[in-house]
Every structure is written in structure tokens, then in C-alpha cells.
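The values are calculated or read from the model by the stated rules, or taken from the named source; none is laboratory data. Owing to the predicted nature of the structure, the values given are computational and were not obtained by experimental measurement. Cβ coordinates were reconstructed from backbone atoms using ideal geometry, including for glycine residues, and neighbour counts include every protein chain displayed. Surface accessibility is based on the protein's heavy atoms, side chains included, excluding ligands, DNA and RNA. Shrake-Rupley method; radii C 1.70, N 1.55, O 1.52, S 1.80 Å.
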Amino acid sequence: QVQLVESGGGLVQAGGSLRLSCAASGSIFVINAMGWYRQAPGKQRELVATITSGGSTDYADSVKGRFTISRDNAKNTVYLQMNSLKPEDTALYYCNANVLVTTTLRFYDYWGQGTQVTVSS
């Protein structure tokens, strides 16, 4: 099994910054892509940003230029630096990882429990 644990959420004023972290642990052979998604009340979960094991990144248009995704492969950790936050960024942020597990040598998708980000106007 693989566990993803997020941290770093909180309450911040518009224009402020937060840094989310997500650490993966367990039966990990290698992690392929990692990413952040978010879900606001009454809305579907949406992609925020992804990063491959090689460091290639992709962002939702709504966060380009404000958010930066990065990862530390040695620590099996992915980060999301969020700057110039807006009230519409308020959501529950989830970490995702595509993991080759040691027990089956197959890739599976895993999700964290989510960390709340609230941006006040």
C-alpha cells in the first residue's frame, strides 16, 4: 500500500501565498507523475498542476504564472507553491501520484485525504 499525506493548507488573505506539500510512503518502487487537484464546494474536482518524474510540468490556465509545482524524487514528495492567491482558489486540494508498487510491479493511482485552502477577500 501507498499513503499520501498532504500538509500546508490554511486560511490566507487574497494576494497571499501558501506552500502545499505531499509526501508519499509505503510500497513504492518508483513514482511516475505526481499532481495536485482541487475541488470547491458544489464543483467537480479539477486539475491544478502535474509534474512528471523528469520534471515536465503542466498547469491549469487559471493558475499559470501564480502556482509552481515541484518535486523531490529522493523524498517522494511533491510541492505546490501558490502565490497571488484569489478567493476563487478556495478549495480542498488533493495530491495524486501514479506509483509502481513493489508488491505487484504495476502502476496504480493514489490520492491523499486533501488539505483545505481558504482565501479571504
*Report relative contact order for segment 1-63 in percent, whole number only (criteria: Cα-Cα under 8 Å, sequence separation at least 6).*
23
*Leaving ligands, DNA and RNA out of it, rank T57, T103, T115 by accessible area with a 1.4 Å probe, largest first.*
T103, T57, T115
*Can you give the net charge of the other residues whose Cβ lies under 15 Å from the Cβ of A14, counting K and R as +1 and D and E as -1?*
0
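Using the eigenvalues of the Cα gyration tensor, what equivalent ellipsoid semi-axes result for segment 14-92 when each is taken as the square root of five times the eigenvalue, whole Å, largest first? Intermediate results must be reported in sequence, preceding the final value.
Details: eigenvalues 107, 37, 27 Å².
Three semi-axes, in Å: 23, 14, 12.
Could you tally the net charge around A24, taking each other residue with its Cβ under 15 Å from the Cβ of A24, Lys/Arg +1 and Asp/Glu -1?
Spelling it out: positives minus negatives among the neighbours equals -1.
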*How high is the relative contact order of segment 18-121, in percent, counting Cα pairs under 8 Å that sit 6 or more residues apart?*
32
*When the accessible area of the chain is computed with all protein chains present and a 1.4 Å probe, what percentage of it is carbon and sulfur?*
48
*Under a cut-off of 28 Å between alpha-carbon atoms, report the lysines in cross-link reach of K86, not counting same-chain residues fewer than 8 places apart.*
K43, K64
*Only Lys, Arg (+1) and Asp, Glu (-1) charged, at Cβ; the chain dipole about Cα centre in debye*: 60
